[in-house]
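First up is the structure itself, then whatever we jot down about it.
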Amino acid sequence: MTIYVDGLFLLNTVLNGLLLLGTARLGGAAVVWWRIVLGAVLGGGYAVAALVLPWPAVSGLAGKLLSAVAMTVCAFGLRRQTVKLGGVFLALSAALAGVVLAVVEIMGTGLMLVDGGAYYPVSGKALLLTAAAVYVLSRTVFAQLVRHTGGEVFPLELRSGSKAVKLTALRDTGNTLRDPVTNEEVVVAEWQTARGLLPPEAAALVDAAALRNPAELLPRLLTAMPSGKWRLIPFRAVGVSGGMLLAMRCDALRIGKRTVRGGVVAFSPTPVSDGGGYTALIGGSI
């Protein structure tokens, strides 16, 4: 069977892109599109190299692992969270391989395994089924496997410029709030937190009443603090059809003994704890 290099590259680039997006979804990482594309292209290039240069160092286990590491670093940067994301990427890749082989057996689509781990040729129906399988796995089975057990209470510090606020946070696996632009999980903190992070002129604008109408508050905050990385985060809650929370990007989050660069925090106009034992909520993947 003739294998066309351009088709091999394109197929593997698409599948690696889907895997990296699924990894971001599971790991609560920001989706930086140029990084995702770069990582996917690198994976496509590796598939071609493993076929054209069938040396053990390239097409063997070591080459595959180095390729996975390079793709993960390209997609998410070199930081502590990348180790976890690399594990998620490998697990999702293994699951995808099993799904594709099952599709081959069931549908007889004529896919062929080559040295780079690619499958070629592939029908449109098989590719759609494969993509759907990646999406379903990332939203269901693996989403539960990568989550923490929840219920942990620990110290949380938010930093913005020269200001820092220390809170007590609850890890709540039911908190699935995400930034719709970057896909990052969002920390939810009580509204008083904002006053500790903002300069006086911006802090004076923030209270519980103002945060109940964040769309009106946002323009005033942009005037008072143009450098603030403000955004509105849509949410749904029990008994609430939908709404918006005012949020900002911090310079860093310190979660227990671990520091995370960046991080989005949304300000709730109502208490997040019935008994006051904590003042912030963090999702299960941060």
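With r defined as the distance between the Cβ atoms of E152 and R249 and R0 fixed at 35 Å, what FRET efficiency is calculated, to the nearest 0.05? According to the calculation, E is roughly 0.90. With the simple spin-label model, which puts each label point 7 Å out from Cα in the Cβ direction, the A62 to L222 separation comes to 5.5 nm.
At 0.36 nm per residue, minus the direct Cα-Cα distance, what do Y4 and V181 gain on full extension? Give it in nm, one decimal, please. Full-extension gain reported as 60.1 nm. Take the Cα of K166, step 7 Å toward its Cβ, do the same at V260, and the gap between the two points is 2.1 nm.
All of the numbers you see were taken from the coordinates with simple rules; none came from a lab. Quick caveat, the model's predicted, so the values are computed rather than measured. Quick reminder, even Gly has a Cβ in these numbers, built from the backbone with ideal geometry, and neighbours come from all protein chains shown.
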